[in-house]
Every structure is written in structure tokens, then in C-alpha cells.
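Let me begin by presenting the structure, written as C-alpha cells, before commenting on it.
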Amino acid sequence: MAKMMTEIIEEHAHGVRLFASPVDGDEVRYHYEGLMDRIKSFYTPDKARLFADVQTAVGDFREEKPVNGVYYPLLHSPAKMC
């Protein structure tokens, strides 16, 4: 079997892209990459696309400590809560 090369899956606004790259054996990882570097890696393209969609919708977020094993995004917003 021929060795897979890194492949761009999707390109988004602001220089963001999703790409697939081979790892050990026949395994593939899917990466979300910004202008500066790789931001996060995933085992499935669907999870990489979901992450990209959330990033696009909210602008930016960071994951914090899990609540009952689930990571929730903390939105960065200049608006104050009243």
C-alpha cells in the first residue's frame, strides 16, 4: 500500500484549515490548524469539522478542566454579564 501524504481536507476563512496526516501504520489523524500552528488534533474528521465550526461560530474559545469528564468551551467575550 502506498504511503499517504498530508492532505488538506478543508480551508476556512482567516487561514484556518483542516488536514489529515498519517501516523503509525495505517492510522490517520485530523488536525485543525490556524495561521501560526496546529491547534488541536482529532481521531475522526467529523470531530475536527465540529471543532472548526464552533471556532468559526464563536470566534475563539479554550477548553478548561472537565466537568464529569466532559470539556466545555469557555467563550471569550468582551461583553459583561448583568
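Please tell me if A2 is of a type in the set (G, A, S) and modelled with pLDDT under 80. Reasoning before the result, please.
Working: of a type in the set (G, A, S): yes; modelled with pLDDT under 80: yes.
Yes: the conditions hold for A2.
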Exercise for the section: Report whether or not M5 is part of a loop (DSSP other than H, G, I, E, B), under 17 Å from T56 (Cα atoms) and out of contact with any Ser or Thr (no Cβ under 6 Å at 6 or more places or on another chain). Expected result: no
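When the residues of the stretch 11-25 are filtered to those that are farther than 14 Å from Q55 by Cα, of a type outside the set (S, T, N, Q) and in a strand (DSSP E or B), which remaining residue is nearest to the chain's Cα centre (by Cα)?
Here is the first cut: in the stretch 11-25, the residues farther than 14 Å from Q55 by Cα are 19-25.
Keeping just the survivors that are of a type outside the set (S, T, N, Q) gives 19-20, 22-25.
Applying the additional criterion that residues be in a strand (DSSP E or B) yields 19-20, 22.
On the way: F19: 10, A20: 11, P22: 17 Å.
Among those residues, the one meeting the criterion is F19.
The values are calculated or read from the model by the stated rules, or taken from the named source; none is laboratory data. Note that this is a predicted model, so its numbers are computed, not measured. Backbone-built Cβ (ideal geometry, glycine too); neighbour counts: all protein chains shown.
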